[in-house]
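Single-structure report; data block below.
The values are calculated or read from the model by the stated rules, or taken from the named source; none is laboratory data. In this text, all values refer to a predicted model and were calculated from it rather than measured experimentally. Cβ atoms come from the backbone with ideal geometry, glycine included; neighbour counts cover every protein chain shown. Side chains are part of the model used for accessible areas, which takes the heavy atoms of the whole protein and leaves out ligands, DNA and RNA. Shrake-Rupley method; radii C 1.70, N 1.55, O 1.52, S 1.80 Å.
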Amino acid sequence: RREIMNAADVAATIVDMRNETISEIVARAIPDNALSEQWDIDGLHAECLRLLALDVPLADWAKEEGVDRRTVEERLVEAAEGHMAGKEANFGVELMRMAEKSLLLQFLDHIWKDHLLQLDHLRQGINLRAYAQRDPLNEYKREAFELFSAMLATLREQVTGALTHLEMRMDAPPEPEPLPFGELSYSDEFPLEPEAVMAETGPLPRRS
């Protein structure tokens with residue numbers, strides 16, 4: 001968190017997180033040595049919509065000759081980069097860098113609190129492992145590492161999904177309230193001339 005706070009921007013970190021997320025969802029849908037007929041195309045398509053905001057023709061890709069998991073992953077990385085480049089063009093580079101850093105910190109703080117709570121629950125029940133003839137300390141180290149790895153994967157997915165679905169709305173400035181009847185508005189730099197006052201309010205009353 002300190003490194004993120006001190007960084008000028010986290011664009012490279014965001015790209016790495018998005019690419020790792022793509023690699024993970026592709027690996028789940030396309031296991032090693034699986035035939036294209038065994039690929040979970042529907043599941044991968046749902047994950048692309050959820051995490052990448054991409055509606056890509058995965059079924060058509062799977063029918064192409066010579067397409068493998070690496071090809072699918074490369075195409076998804078390219079499509080995601082194009083999607084995010086479009087957002088950056090719409091919102092501006094500076095605003096995107098600010099949004100990336102802000103969202104990363106928000107998700108990190110939230111997920112880290114949940115992780116600490118999970119570790120606390122693990123500590124409370126770890127001694128029960130001794131009844132199964134297992135070393136509680138080794139079991140704690142192993143399960144804590146698994147929880148930490150799962151936390152990082154969750155962080156990558158949540159940050160990636162939030163940014164790919166990010167929409168920014170620039171609120172228009174509020175319209176000025178109408179002035180009360182008969183009240184004049186003027187600038188100190190350009191004061192109204194008497195003729196302008198008469199045009200706004202009508203002829204001045206005569207003195208008796």
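Across region 21-158, the mean sequence separation of Cα contacts (distance under 8 Å, 6 or more residues apart), normalised by length, yields a relative contact order of 22 percent.
Starting from 0.36 nm per residue, how many nanometres of slack lie between Leu137 and Leu117 once their C-alpha separation is accounted for? The partial results should precede the final answer.
Details: separation 20, 0.36 × 20 = 7.20 nm, distance 1.85 nm.
Computed gain between Leu137 and Leu117 is 5.4 nm.
Within the accessible area of region 43-117, what % is carbon and sulfur when the probe is 1.4 Å and the other protein chains stay in place? Walk me through the intermediate numbers first.
Details: 2300 of 4250 Å².
After summing per-atom areas, the C and S share lands at 54 percent.
Taking label positions 7 Å along the Cα-Cβ direction at both Lys63 and Ser36, the computed distance is 0.9 nm, reported to one decimal. Restriction of the GluC sites (Glu not before Pro) in region 1-86 to DSSP coil positions whose beta-carbon has at most 13 other beta-carbons within 10 angstrom yields Glu64, Glu65.
Let a ≥ b ≥ c be the square roots of the eigenvalues of the Cα gyration tensor of region 24-114; is it rounded (a/c under 1.5), or, if not, prolate (a/b larger than b/c) or oblate?
Oblate, because a/c is 1.5 or more while a/b does not exceed b/c.
Using a probe of 1.4 angstrom and keeping all protein chains present, the accessible surface of region 1-50 works out to 62 square angstrom per residue.
Near Lys141, which lysines are there with a Cα under 21 Å away, not counting those fewer than 8 places off in the same chain? Leaving aside lysines fewer than 8 places away in the same chain, those within reach of Lys141 are Lys113.
On a per residue basis, region 109-148 carries 78 Å² of accessible surface, using protein heavy atoms and a 1.4 Å probe.
Work out the FRET efficiency for Val93 and Glu3 from their Cβ-Cβ distance, taking R0 = 25 Å, and round it to the nearest 0.05. Once the sixth-power term is evaluated, E becomes 0.70. Each Lys and Arg contributes +1 and each Asp and Glu -1, all at the Cβ; summed about the Cα centre of region 43-136, the dipole is approximately 560 debye.
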